[in-house]
1. Just need the relative contact order of region 480-635 here, percent rounded to a whole number, with Cα pairs under 8 Å and 6+ apart.
2. For E500 and D481 in the same chain, what is the full-extension length gain: residue separation times 0.36 nm, less their Cα-Cα distance, in nm?
3. Under 5 Å between amide hydrogens, which residues at least 5 positions from V344 or on another chain qualify, with H placed 1.01 Å from N in the peptide plane?
4. What do the square roots of 5 times the Cα gyration tensor eigenvalues come to for region 118-263, in whole Å, largest first, as semi-axes of the equivalent ellipsoid?
5. Place a +1 charge on the Cβ of each Lys and Arg in region 483-635 and a -1 charge on the Cβ of each Asp and Glu, then give the dipole magnitude about the Cα centre in debye, rounded to the nearest 20.
6. Highest mean first, how do 232-239, 99-106, 303-310 rank when packing is the count of other Cβ atoms within 10 Å averaged over residues?
7. Report, in debye and to the nearest 20, how large the dipole of region 112-250 comes out about its Cα centre when Lys and Arg carry +1 and Asp and Glu carry -1 on their Cβ.
8. Take the Cβ-Cβ distance between T194 and T260 as r, set R0 to 56 Å, and report the resulting FRET efficiency rounded to the nearest 0.05.
Amino acid sequence: MNLHRLRGGTTLAALVCSSLALTACNPVDYINSAAAATGSSTLSSEWKALAERLTSGFSSEGSSTTPAPAPTAPPLATIVGDTDRDGRVTDADLDNRDRASFEAGAIFLANLDDDASRCVYKAGTPRAELAACNDAADEIVNGEEDALDLARLQVKAAAELTDSATASLDYDTGHARIFLLQDDGIWAPVTASTTLTAEQLRNGVTLGVEGLDVMRDRTAWDGRLTVTLTTTDNGSSTVDRVQLQQAPLRGHDHTEDLQTVLTLDDSFKDSAPFNARLEETLGDVELRRLPGMEVQWIQDGSEVFHTSMPGENGPHNMRMVMRVDQAEDGQNAMYQLRGPGIGVAEINVKPGTSDPSAGGNLEFLPHTPAHPGGRAIIGVRQNPDLIAEDHGHTHGGDAHAGHDHGTAEENSPTAEQLAFLAAQGYTDPLILDTSHLTVGHVDEMVHVLPADNAAGFKLLVADPGLGKKMLADLIADGHGDTQLVNYPNSTTTLTEATDEMMQRQHAVAIEVSDRNIATLKAETGLGEQDIIRYPAWYRMDLHDAYDATKIYPMASFNPNAVNGILRDRSTYLAPKTFGPDINGTDVFADHLKKEMAEAGYEVIFVDDYDYLHRGTGELHCGTNQFRSMTPWYTR
């Protein structure tokens, strides 16, 4: 993967300001406050101010794209949706029909799954063509399962209408499609030429609504759909309306149960022994092997979301695998996951690439009173000039030599991705600084663990300050000649790994990491008792001749235990650390096991050294996960 950094003085604020043409945006103040903050209150307030500018004009109470309907005469016929969100359309839904939002009103889904399994993946198919095939791409309801993906509307029976009565429906066909359930059980698309007859109006009409795409930018469309019913009888016409809100996508957090782990199939290089070891540790969790993939970093190529709406038999869920912005198409085979109840689509559809847009740089905190929909965590290279240019860095075989610090867009998630997250309700992401890291993803620094504390979670964090102390203590105890990495052909001793050059490098890593941990505490309300620290120690990702005046991007010397998989509320799967062996004990692994045990977790180690660690990734980077889907509207 490419390594990108901001130009001097360029920040996420500058990126968003320039990309979205915002005014009153002060990037200089933004970065100065972020750099000066020892905690996160300043950074948070600045981001919130930016988020307010991003979302101005389309609050949950109103929308410029869906104005409140003007009062009309009592309607000759009434159209109703499931405004109380109980899965049924009844007279109880007659109130509050004219305004829908994330908080209240009827809901409909973006119908991007493939219930009839007609979208067959074929290698070599252009990415855009792959993305274009889904249930919303045709004007057909593809079977009973597809019908369940339609949000129901009812035109209530109006028995008093005469034989001359007719009605028409008007809605935004650019964002949704409405179907009419006919007497023969067939769903017919509602178009501008569709006319409801007197007989249909007297008997009542069932409609179904599907969204044509996910919400991408609230400044363009906030997900609200107003359906207007115009009824005419004996020369008089009335209008009635109902508004629906498209369901947002929610990122999985680790309070949701792990169901499936995705990995590459055994034909990919070095994957078979890794898969066998991983499968042994998963218990009842499914390990699904994906054929046809050309790169193993499937966490980075896609982020798994889910969405839901009320159904007659309870919440109706749909999983959404969103492809994120990557330079190569080596993960197009993710489209083979598309099928009943699972959609696959693209977040970054514009040309270009941005490593910080990778799925490993997007994690989610559980819901809290301040963030009832959860909160995104993203990484931004806030201080890219701390480190030297990286010529020849590779991650999983992708080499990009000779680049410089890069453009603003190359140092943070794309503006398109930030707009997408804001459209789902993630308007206030928690931002961590990844400037010191080679790959630069937040899953290298933090892992969320469910806990029985006030917040409902604790955080496992990579702490090079702790690493420095532990290595210094070992050297003081006479173990300076011990290998840092207890793996064949690894020769670096503790003394060599902590020489003057490495201490100078780690001063930067410790400073950035301490600031990130302070940010996490301040933004989540967690105390030190809620932070589990893992002793990180880094190597320089050095490809050019060493220059003593420069700081170089860093990657973990030992497999990084923070980059693991939460199997359940008592079991954590960590990459086998191969730490310093002192009298037969891996001191890094031993420290982690003791700290995690106090938090109620058993740690099971999985050897990923050859398959993932050598490519500067670990368990989390080389897998992806399906978790249970909690209805967003119940929180």
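1. Numbers: 185 pairs, mean separation 30.4, N = 156.
It rounds to 20 percent for region 480-635.
2. Numbers: separation 19, 0.36 × 19 = 6.84 nm, distance 1.63 nm.
Going from the current span to full extension adds 5.2 nm.
3. HN-HN under 5 Å from V344: V321.
4. On the way: eigenvalues 252, 61, 48 Å².
With the √(5λ) rule applied to region 118-263, the semi-axes are 35, 17, 16 Å.
5. In debye, rounded to 20, region 483-635 gives about 540.
6. Values: 232-239: 13.9, 99-106: 19.4, 303-310: 24.1.
Descending mean neighbour count gives 303-310, 99-106, 232-239.
7. Working: 12 positive and 24 negative charges, 105 e Å.
With only Lys, Arg, Asp and Glu charged at Cβ, the dipole is about 500 debye.
8. Details: r = 41 Å, r/R0 = 0.74.
Efficiency, from the Cβ-Cβ distance: 0.85.
Any read-out appearing in this document is the output of simple, stated calculations on the displayed coordinates, not a laboratory observation. Since this is a predicted model, take the numbers as computed values, not measurements. Don't worry about glycine lacking a Cβ; one is built from the backbone with ideal geometry, like all the others, and counts go over all protein chains shown.
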